[in-house]
1. I'm trying to understand the selection: among the residues of segment 226-279, which are touching an Asp or Glu at 6+ places or on another chain (Cβ under 7 Å), part of a strand (DSSP E or B) and under 11 Å from Y190 (Cβ atoms)?
2. For segment 200-207, indicate whether the set of residues that are surrounded by 22 or more Cβ atoms within 10 Å (Cβ to Cβ), assigned to a loop (DSSP other than H, G, I, E, B), touching a residue at least 12 places away in the same chain (Cβ under 8 Å) and not acidic (D, E) is non-empty.
3. Across segment 13-41, what is the number of residues that are part of a strand (DSSP E or B) and modelled with pLDDT under 90?
4. Does V69 meet the test of being touching a residue at least 40 places away in the same chain (Cβ under 8 Å), surrounded by 15 or more Cβ atoms within 10 Å (Cβ to Cβ), touching a Leu at 6+ places or on another chain (Cβ under 7 Å) and not in a helix (DSSP H, G or I)?
5. From the list I204, I212, which one is under 20 Å from the mean Cα position of the chain (by Cα) and closer than 24 Å to L109 by Cα?
6. Do we find that I133 is within 25 Å of G224 (Cα to Cα) and out of contact with any Asp or Glu (no Cβ under 8 Å at 6 or more places or on another chain) in this structure?
7. For E225, work out the one condition from (1) touching a strand residue (DSSP E or B) at 6+ places or on another chain (Cβ under 9 Å); (2) within 16 Å of A281 (Cα to Cα); (3) among the acidic types (D, E) it doesn't fulfil.
8. Touching a Pro at 6+ places or on another chain (Cβ under 9 Å) and at negative phi: which single residue out of R86, R139, R126 fits that description?
Amino acid sequence: MNKKRVLLTGATGLLGVNWMALRSEVYYLVGVVRNNKFFPPGFKSVNLNCEKLEDIESYLKSENIDMVVHAAGFTSVDECERNPQRAHEDNVLLSERIALACKKTGKKLVYVSTDHIFGGNGSFFREEDPTEIVNVYARTKFEAEKVVAAHCPDSLIVRTNFFGWGPKYRPSLSDWIVSKLSNGEYIDMYQDIFYSPLYVGNLIETIEKLLIKEASGVFHVVGGERVSKYEFAMKLADEMGLNKGLIRPVHYNPKKSNVRRPKDMSLSTEKLDKVLGVPSAGVSENITALLKAREKGLDKTVRSAVAPAPQITIPYGRHALDEDDIAAVVDVLRTKWLTQGTIVEEFEKSVADYVGSRYAVAISSWTAGLHIAAAAAHVGPGDNVITTPMSFVATSNCAIYMGAN
């Protein structure tokens with residue numbers, strides 16, 4: 001039996017990596033990548049130029065692609081606000097090119113959208129409810145929904161909010177919570193921002209079920225339970241046996257945020273549940289699925305599935321730090337002294353003893369050290385100082401500071 005051929009954009013993101021890891025045996029999956037490459041056997045990637053409509057269209061035809069899952073985009077809410085032009089390009093125009101290519105080639109399109117398009121005046125929003133756009137990210141994602149629907153009326157548009165095991169270079173919210181609590185660190189979680197979190201594996205399965213039903217249009221594919229960020233962290237910690245006392249509930253203050261964020265993103269799954277005939281799973285069930293995936297080694301697969309493309313660099317130097325060095329710094333940070341104290345004197349004496357000098361003076365940087373050395377050597381106006389071009393500018397500046405040439 002021939003596998004369905006699926007092109008997956010955003011293959012190095014949280015959803016993309018998990019889709020590749022979980023479904024590479026079910027589909028013939030090709031992940032669109034930019035600066036990263038898939039290394040494990042069975043993971044096929046392509047550096048497709050998605051800036052040109054004709055290139056996308058040509059690839060869909062030449063590779064006999066059956067379906068496109070468009071999960072790529074500019075997803076940083078803060079960065080979207082700082083760079084709205086890039087947000088429009090990556091979220092709207094890219095989606096339009098993908099949709100046009102699918103229209104021209106007759107391919108099924110799944111577009112992964114967001115729950116951010118509802119501002120928070122209400123809860124359990126339905127697909128037909130009016131949106132409330134509060135930031136650039138939300139605006140560009142909603143605009144992308146509209147261009148996708150216009151060009152591909154039979155496309156499946158999925159509004160969602162998911163968590164799961166993420167790659168090393170892009171940990172998910174659940175990864176961050178687990179990492180912090182495992183290291184004994186306190187975390188602050190909003191108790192007044194609500195959403196409906198869904199485990200990424202369950203998201204993938206639900207999308208597949210909708211495709212079997214030949215569903216199209218907008219669907220809310222999220223967990224069946226509304227919780228705050230704080231409640232989610234508490235449930236996750238409880239299920240994983242982590243210290244819940246390290247989780248501190250805090251209130252969202254829009255005045256202290258660079259970007260306005262929705263306060264309630266909980267979505268109704270009534271339409272989804274009716275089509276599939278089963279209720280959407282709650283938070284505990286989704287966390288259980290996350291833990292079962294870890295038992296099967298999915299967390300390790302995801303973390304090893306993507307690695308940065310090798311780069312050839314020639315370092316000018318390499319520092320050496322061991323655990324004793326790190327422990328010494330931590331010990332100082334735990335004292336009341338950060339800029340002075342007995343440790344500085346002890347360090348100076350150790351250096352003096354090591355080099356056989358009567359005195360040693362700790363300085364803030366090598367720039368300051370060069371300046372002091374030039375002063376000690378009585379460098380001044382009328383003197384010529386020769387240095388190497390293979391150095392930092394501070395090597396020349398020390399002479400200028402003293403008035404020398």
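1. S228, R248, V250, listed by residue number.
2. Scanning segment 200-207, I find no residue that is surrounded by 22 or more Cβ atoms within 10 Å (Cβ to Cβ), assigned to a loop (DSSP other than H, G, I, E, B), touching a residue at least 12 places away in the same chain (Cβ under 8 Å) and not acidic (D, E), so the answer is no.
3. 3
4. yes
5. Numbers: I212 fails: under 20 Å from the mean Cα position of the chain (by Cα).
The conditions single out I204.
6. So I133 passes the test.
7. It fails just one condition, (1).
8. Just one listed residue meets the conditions, R139.
The values are calculated or read from the model by the stated rules, or taken from the named source; none is laboratory data. Keep in mind that what you see is a predicted model, and the values were worked out from it rather than measured. We place every Cβ from the backbone using ideal geometry, glycine too, and count neighbours over all the protein chains shown.
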